[in-house]
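Only the coordinates and a few stated rules stand behind these numbers; no lab work does. These numbers come from a predicted model, not from an experiment. Here the Cβ is made from the backbone with ideal geometry for all residues, glycine too, and neighbour counts use every protein chain on show.
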Amino acid sequence: MYTEPINNLNLKLEAWTNVITTSKYNPFYYHGALPQFYLWVLYLSGLLLFAYYIPTIDNAYSSEKLINAWTSVNYITNTIPFGAVFRGIHRYAGDAMVVTILLHMLRVWITDRYRQYRIVQWLSGVVLLVMVLFIGQTGYYLVWDERSLILTRMTCSALDAIPLVGTGLKTWFLNGTELTNYTLANFLFIHIGLSFALLFGLWIHYVRMTRPVLTPPPVINYILMAAILLVVAWFPIESGKMADLTSQPNTFEVDWFFLFPYAMLTSMQPGIFWLTMLAGVVLLCVVPYFVRTKEVEPAEVVLKNCTGCSLCAKDCPYQAIEMVPAPAESRFKLLATVKPYRCSGCGVCVGACAFDAIDLPNMPDADVTAQIKALLQS
C-alpha cells in the first residue's frame, strides 16, 4: 500500500482550507503545535485546581467538616468562583490534547515524515502519547468518587497479574500494601511529576528540528479556547458519589479518550490485556514501516555553483547539511555537504539556495523552475 493517494487527499483538504483561512491561519500547518497549546492550558488550569486540592481519602466521620479529596473537588466545583469552569477546562483540554496528538500523528504518517533522521520524532511521539494517556488516567483517580475507587482496584488487579514484578508495581502504585492517604498523595505526585516530565520528552521530540513550530497564531489559540469553553458550557463536569472503601461499586462512566484500557479490562483477562497494550505500543512504533513509499534520495550539492553562503544549512529542518572548509583552489571559504542519513528529501534546502547549488535527484531545480513557470502561465 502506498501513502500517495491518502496524501493527495490531504493536500486537497489543505488547499481548500487555505481558501477559507489563508495559509497564515491554516491549522494543517500547525498540527504539531495544537497539542502543545492544550498542554499550556492544562498546566494553568491544573495549577489553579491544585491550590484547593486535598489528597486524602479519609471519610471516618460524615459531617460538613469532612475534608478529603472528594470534598475538596466538590468545593472547587460548587463554591470557588468559576471553579467548575476551570475543572471543565482541565478535563476537556485533556481530551482535546489526545485528539490533536492523534491528528498530528496521522498527518506525519500521511506525509511520510517519520523515516530516517525523523525516527526520533516518531518514537518520542509514541512515548509522549503513552505518557499523556497515563497522566489523564491518574487525573480520574484524584477525584476520589466511586469511579476512582473502581479504577484503582482494577489497576491493582491488572498489576498483580504481571509476572515477577507485578507485586512490586502494585505496592509502588498504592504507595504501600493497601489504600491509604499515602495512596492519593502518590497519585497526585505521579499526575504532576509526569506532567512536567512531558517537557523533557518534548525537548527530545524537538531536538533534531532546527525551527519547530511551538505555538499557533493567536487567532487559532482563541478559537481552540472558545471551543473548549463551549464544550464546558454544554457538558458541565460533575463528580459521582464519594468513594467508600467498604462498598463494591461495579459500574462507571467511560471517558473513551483516557479510560478505554479499563473498558478493555472488563472484557479480557489481565494477562491478555497487557499483551494487547504492549502489542498496540509496538504496532504504533513499527507499523509506518510496513507502508510502502517512494525511496527517499538525499539532496545533492552542485559544487561548481556553491558559494558557501550557508543558507541551505541554516534552513534545513533536520541538520542534514554541514558547511565544511572548501578546497584550496576554491575561491570560497566554505562549501555545503549533505549528510545522507539525516536528509529526508524535503526540498527546503533547494528553496533556500539562490545559486542553483543544491538539487533533489528526482527533482532537479531546473525542472521545478520550469513547472512553476508553466503554472504561472496557465
Hey, what angle do you get for helix 270-286 against the long axis of the chain, alpha-carbon based, 0 to 90 degrees rounded to 10? 20
Rounded to whole Hz and in sequence order, give me ³J(HN,Hα) for the stretch 123-138 from the Karplus expression 6.51 cos²θ - 1.76 cosθ + 1.60, θ = phi - 60°, writing x for Gly and Pro. 5, 5, x, 5, 4, 4, 4, 4, 4, 4, 5, 5, 4, x, 5, 5
Can you pull out the trypsin sites (Lys or Arg not before Pro) in the stretch 57-165 whose DSSP state is coil and whose Cβ has at most 11 other Cβ atoms within 10 Å? K65
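Can you put M268, M225 in order, fewest other beta carbons within 10 Å first?
Numbers: M268 12, M225 15.
Ordered by Cβ neighbours within 10 Å, fewest first: M268, M225.
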Mind checking which of C353, L230, A320 is farthest towards the positive end of the chain's charge dipole, using Cβ charges of +1 (Lys, Arg) and -1 (Asp, Glu) about the Cα centre? C353
Given Cα pairs under 8 Å that are at least 6 residues apart, what percent is the relative contact order of the chain? 19
The stretch 1-151: relative contact order in percent, alpha carbon pairs under 8 Å with at least 6 residues between: 27
As I understand it, the value is the acute angle between the Cα axis of helix 365-377 and the longest principal axis of the Cα atoms of the chain; what does it come to in degrees, rounded to 10? 80
Count of lysine pairs in the chain with Cα separation under 28 Å (8 or more residues apart, or interchain): 17
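Percent antiparallel among DSSP beta bridges with both residues in the chain, to the nearest 5? Let's see the in-between values first.
Working: 9 of 10 bridges.
Given both bridge residues lie in the chain, the antiparallel proportion sits at roughly 90 percent.
What is the order of S148, S23, S310, fewest Cβ neighbours within 10 Å to most? The partial results should precede the final answer.
Numbers: S148 26, S23 11, S310 15.
Arranged by neighbour count, lowest to highest, S148, S23, S310 become S23, S310, S148.
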Ratio of the Cα radius of gyration of the chain to 2.2 N^0.38 Å, where N counts its residues: 1.24
Helix 218-234: inclination vs the chain longest Cα principal axis, degrees, rounded to 10, gives 30
For the chain, give the magnitude of the charge dipole about the Cα centre (Cβ charges: +1 Lys/Arg, -1 Asp/Glu; no others), in debye to the nearest 20. 640
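What's the longest bit of the chain with no exposed GluC sites (Glu not before Pro), using DSSP loop states and at most 13 other Cβ atoms within 10 Å as the test?
Numbers: sites that count: E64, E178, E238, E253, E295, E329.
Maximal segment without exposed cleavage sites: 65-177.
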